[in-house]
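The values are calculated or read from the model by the stated rules, or taken from the named source; none is laboratory data. Source: prediction; values computed, not measured. Positions of Cβ are generated from backbone atoms using ideal geometry, with glycine treated the same way; all protein chains shown enter the neighbour counts.
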Amino acid sequence: MNKILLGISLILFVICCNKKNDKDDTVTLKKIAYTGNEIRTDGYYYYEYGNPINILVFFYYRNGIVLNGSSSKLSEMPNVETYYSDGTFYNSISTLKYYWGVFSVVDSVFSYEMWYPGEFEYPAYLKWGAIINDSTIHISKSKRLNGSEEKAEDMLLHFKKFSPKPDSTNNFIE
């Protein structure tokens, strides 16, 4: 009896996992090489939140790709930066869709679109705001591109020079 339940559970798991990609949103921003100087691309941008302070990291690349560097405690950032630079981070996330997206700069408006993990799908969200200067971006709005309404955001991204950045090669953005 336990083998039958295990078999049924395994079949349902495989069906759910295979259907996940069918429900994923399509990223609507097109990947366009970034040739401007409104923002810096020789490091990463980070958002501080919580108590104790956590850091959410984003890498923006000249090829128009954005990579979610994940979040960690501020106190752990020296170790995390080692993972970024030695390839460990990239090797662990290169096949995970929800770490990747695209960004664009038009005039002083900065926007990026990425997938986020959902229960049975990867919804895509567009987030945008103003470029304060080349090392500060204020993300003030977000929207899931399935017809949902805009929502207010308040993310102040600060730049930190960093090298070498993880590779931007991925199988999700064409």
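As a summary of the residue check, residue 119 satisfies the conditions (1) modelled with pLDDT of 95 or more; (2) surrounded by fewer than 17 Cβ atoms within 10 Å (Cβ to Cβ) except for the one numbered (1).
For the range 18-69, the set of residues classified as assigned to a strand (DSSP E or B), closer than 23 Å to residue 145 by Cα and either in contact with a Lys or Arg (Cβ under 7 Å, 6 or more places away or on another chain) or modelled with pLDDT under 95 (or both) consists of 59, 65, listed by residue number.
Only strands (runs of 3 or more DSSP E) whose full extent lies in the range 105-144 are considered here, and the ones with at least 1 residues that are among the aromatic types (Phe, Trp, Tyr) are 109-115, 124-133. When you check residue 92 against the structure, is it in contact with a helix residue (DSSP H, G or I) (Cβ under 6 Å, 6 or more places away or on another chain), small (Gly, Ala, Ser) and more than 15 Å from residue 172 (Cα to Cα), yes or no? No; evaluated as a whole, the condition is false for this residue.
Could you tell me whether the range 72-86 includes any residue that is assigned to a strand (DSSP E or B), touching a helix residue (DSSP H, G or I) at 6+ places or on another chain (Cβ under 6 Å) and closer than 24 Å to residue 132 by Cβ? Checking the range 72-86: not a single residue is assigned to a strand (DSSP E or B), touching a helix residue (DSSP H, G or I) at 6+ places or on another chain (Cβ under 6 Å) and closer than 24 Å to residue 132 by Cβ.
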